[in-house]
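Report on the structure given below.
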Amino acid sequence: MFELHKCSSSSIEWKPSPIVALATSLDDSHVATAREDASLEIWLVSAASVGWHCQLRIEGDGNMRVSSLVWCGSGRLFSSCIDGSVLEWDLFNLTQKNAFGCCIFILIKVMEVSSLDACCYDGLPMDLSFKPLWI
């Protein structure tokens, strides 16, 4: 027969980390979440399902603080951090790809021109190459 073991609350330490950024994929089938502990999760969402399913989790660098997420192209996910870095996430190898930047508060995917724009601390909009958009 089966033995039943009771786990006391002191034996399991579960400390959820708050979500600091969300982004839905272009086809609305996935949601990316960035957590305060710098981890990233990809959730499969389906209108026919009862709940969401966490497809993958990538442990992040504890020294970075993600401020926004955005999906681009066919499954490419970018995040910006308050320290100025822009990262592309490798969802196959479960790693981060470093990029470049200035102090970014939000990333925006522009559908018409297929570009990635950023709003920076100085108030100027920038494209991913960080040339001012108004030039």
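Coordinate-derived values only; no laboratory data. Note that this is a predicted model, so its numbers are computed, not measured. Please note: Cβ atoms are built from the backbone with ideal geometry, for glycine as well, and neighbour counts cover all protein chains shown.
Express in nm, to one decimal, how much length is gained between Leu94 and Ala48 on full extension, taking 0.36 nm for each residue of separation and deducting their alpha carbon distance.
13.8 nm
Want the number for Ser74 to Arg57: 0.36 nm per residue separation, take away the alpha-carbon distance, what's left?
4.2 nm
Taking the Cβ of Ser46 as the centre, find all other residues whose Cβ is under 15 Å away and add up their charges (Lys, Arg: +1; Asp, Glu: -1). Let's see the in-between values first.
On the way: positive: none; negative: Asp27, Asp28.
Around Ser46, the charge tally is -2.
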